[in-house]
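In what follows, a single structure is set out as structure tokens and then discussed.
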Amino acid sequence: MQELAGKHIVLGLSGGVACYKSAHLCRLLTKAGATVQVVMTEAAEQFITPVTMQALSGRTVYTSQWDDREGNNMPHINLSREADAIVIAPCSADFVAKLAQGRADELLSLMCIARPIERVPLLLAPAMNREMWAHPATQRNFAQAAADGAHVLGVGVGEQACGETGDGRMLEPEELIEDIAAFFAPKVLAGQKLLITAGPTFEAIDPVRGITNLSSGKMGFAIAAAAKAAGAEVTLVAGPVHLPTPRGVQRIDVKSALQMLDAVQAHVGHASIFIATAAVADWRPASAADQKIKKDGSGEVPALAFVENPDILATVAKSERAQRGELYCVGFAAESHDLLQHATAKRVRKGVPLLVGNIGPATFGQDDNALLLVDASGHRELPRASKTELGRQLVAELARRLPTAQTKA
């Protein structure tokens, strides 16, 4: 969450039971390196106390326009001028109605109206009952707030405090901080459409057994999240992994190499960048048994015949769009030894401008890694860091390479 380090966030709480989530969001923001100034409406104080929010933010909470700590008696001016962003979480139906109508009858709404629009963004996290969320007036008010420059975040779906189930609940704090960080991320891939493969493949032997590998998919998912935050439209083709889908990313789940190839070919025609991080099995059984292969007590081991799987990266890199420079292809290589030698040879063999190498299988399943970037001019290392951070660095690297990218090896 380096995008939030050093940022000054005004966290505004309007009335709603989701205020309990705001406490956790405040904690996450401070842990990410932001300073948080909490401002609460009178209604918000019915759900959580200013003392709690003060303890979590480390700053005295503001609740009144007439707070005498401000010598000029203008906290709505002073606090809004200090902010890098104002985040209203929860944003109730009543509060968005105020924003849409331009009403400013207490400190938080005054701040929203008084903020310098071109410099201090306003982010709204809706929170309300499903019927309130679906009401035409509420939808109209959020649309008007967006037209006036506010950024409306999504809503969650699920059980609500009233006992009903549906749209309208506030996003979870982990989702909100991800959205807030993404808002501040430089949009270096704006307008790009990225297709990425991630995770292992599973090649069936029988209905319960198969050939796979230790790839966790974490690196590919981190790149997908970073690319989305950088403004790209991202489609993620994922092998069998147990990872949450990055917010705003279209995910397609597959199992085998053949299924992955089909998914890639179905979507690569619209992509401008293709990144093959998936650890695709090189071979698959020539045929899979319809039923589980059983031991018969004879001690004999069944013989398996294998056939070679298609080379997804090479297939895409040899396509007409890639050859014409309309599709920038990036490959990954996980090696157990001689990383530079193998990665250099693989880049030429696959016909891609950039090959990213990492030492496997030690990195499989880990949260950190070190990468080696290999291109026609040589190589350089990205030192060990979290895969989330490496994802950001790779996205920045792509943004620098795209204008002058040479797609032929």
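The values are calculated or read from the model by the stated rules, or taken from the named source; none is laboratory data. Since the structure is predicted, the reported quantities are computational estimates derived from the model, not experimental observations. Using ideal geometry, Cβ is built from the backbone for each residue, glycine included, and neighbour counts are taken over all protein chains shown. What goes into the accessible areas is simple: the full protein's heavy atoms, side chains included, and nothing from ligands, DNA or RNA. Shrake-Rupley method; radii C 1.70, N 1.55, O 1.52, S 1.80 Å.
Looking at the stretch 195-211, can you tell me whether even one residue there is within 15 Å of the chain's Cα centre (by Cα), of a type in the set (Asp, Glu) and not in a helix (DSSP H, G or I)? For the stretch 195-211, residues within 15 Å of the chain's Cα centre (by Cα), of a type in the set (Asp, Glu) and not in a helix (DSSP H, G or I): absent.
Only residues that are open to solvent by less than 70 Å² (accessible area, probe 1.4 Å) and part of a helix (DSSP H, G or I) were counted across the stretch 160-174, and they come to 1.
Among LYS318, LYS346, LYS387, which is the only one that is over 19 Å from HIS267 (Cβ atoms) and open to solvent by 20 Å² or more (accessible area, probe 1.4 Å)? Full working, then the answer.
On the way: LYS318 fails: over 19 Å from HIS267 (Cβ atoms); LYS387 fails: open to solvent by 20 Å² or more (accessible area, probe 1.4 Å).
Just one listed residue meets the conditions, LYS346.
Condition (residue is open to solvent by 70 Å² or more (accessible area, probe 1.4 Å), modelled with pLDDT of 95 or more and under 27 Å from VAL395 (Cβ atoms)) applied to the stretch 329-338: is it met by at least one residue?
No, because not a single residue in the stretch 329-338 is open to solvent by 70 Å² or more (accessible area, probe 1.4 Å), modelled with pLDDT of 95 or more and under 27 Å from VAL395 (Cβ atoms).
Among the residues of the stretch 132-154, those that are loosely packed, with under 13 Cβ neighbours inside 10 Å and either of a type outside the set (A, V, I, L, M) or in a strand (DSSP E or B) (or both) comprise PRO136, GLN139, GLY149. Just to be sure before I move on: is VAL157 part of a helix (DSSP H, G or I) and either open to solvent by 30 Å² or more (accessible area, probe 1.4 Å) or touching a residue at least 12 places away in the same chain (Cβ under 8 Å) (or both) in the structure I sent? So VAL157 fails the test. Taking first residues from the stretch 263-280 that are not assigned by the TED database to the domain that holds VAL330 and partners that are open to solvent by 10 Å² or more (accessible area, probe 1.4 Å) and of a type in the set (D, E, K, R), no Cβ contact under 7 Å between residues at least 6 apart in sequence or on separate chains turns up.
Here is a yes/no grid of residues against (1) outside the structural domain of PRO310 (by the TED database); (2) under 20 Å from ALA334 (Cα atoms); (3) modelled with pLDDT of 95 or more; (4) among the β-branched types (Val, Ile, Thr):
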{"residue": "ALA224", "(1), (2), (3), (4)": "no, yes, yes, no"}
{"residue": "ALA229", "(1), (2), (3), (4)": "no, no, no, no"}
{"residue": "VAL234", "(1), (2), (3), (4)": "no, no, yes, yes"}
{"residue": "ALA238", "(1), (2), (3), (4)": "no, yes, yes, no"}
{"residue": "GLN259", "(1), (2), (3), (4)": "no, no, yes, no"}
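One residue stands out among those in the stretch 49-88 that are over 22 Å from ARG103 (Cα atoms) and basic (Lys, Arg): the one that is modelled with the highest pLDDT, which is ARG59.
In the stretch 222-243, what count of residues is obtained for those that are part of a loop (DSSP other than H, G, I, E, B) and open to solvent by less than 10 Å² (accessible area, probe 1.4 Å)? Walk me through how you get there before you give the answer.
First, the residues of the stretch 222-243 that are part of a loop (DSSP other than H, G, I, E, B): 230-232, 239-243.
Cutting the leftovers down to open to solvent by less than 10 Å² (accessible area, probe 1.4 Å) gives us 230, 232, 239.
Here the count works out to 3.
Look at the stretch 102-126: where a residue is over 17 Å from MET40 (Cβ atoms) and a partner is assigned to a loop (DSSP other than H, G, I, E, B) and open to solvent by 10 Å² or more (accessible area, probe 1.4 Å), sitting 6+ places away or on another chain with Cβ atoms under 6 Å, you get ILE113/ALA104; ILE117/GLY149; PRO126/VAL155. Each residue in the stretch 300-352 was checked for being charged (D, E, K, R) and either touching a strand residue (DSSP E or B) at 6+ places or on another chain (Cβ under 6 Å) or not in a loop (DSSP other than H, G, I, E, B) (or both), and 8 of them qualify.
Condition check ((1) assigned to a loop (DSSP other than H, G, I, E, B); (2) hydrophobic (A, V, I, L, M, F, W, C); (3) open to solvent by less than 30 Å² (accessible area, probe 1.4 Å)) across all residues:
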position	(1), (2), (3)
THR245	yes, no, no
ILE252	no, yes, no
LEU258	no, yes, no
ASP262	no, no, no
ALA266	no, yes, no
GLY269	no, no, no
ILE293	yes, yes, no
SER298	yes, no, no
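In the set SER22, SER80, SER64, only one residue is in the same structural domain as VAL157 (by the TED database), over 22 Å from GLU178 (Cβ atoms) and in contact (Cβ under 8 Å) with a residue 60 or more places away in the chain; that residue is SER80.
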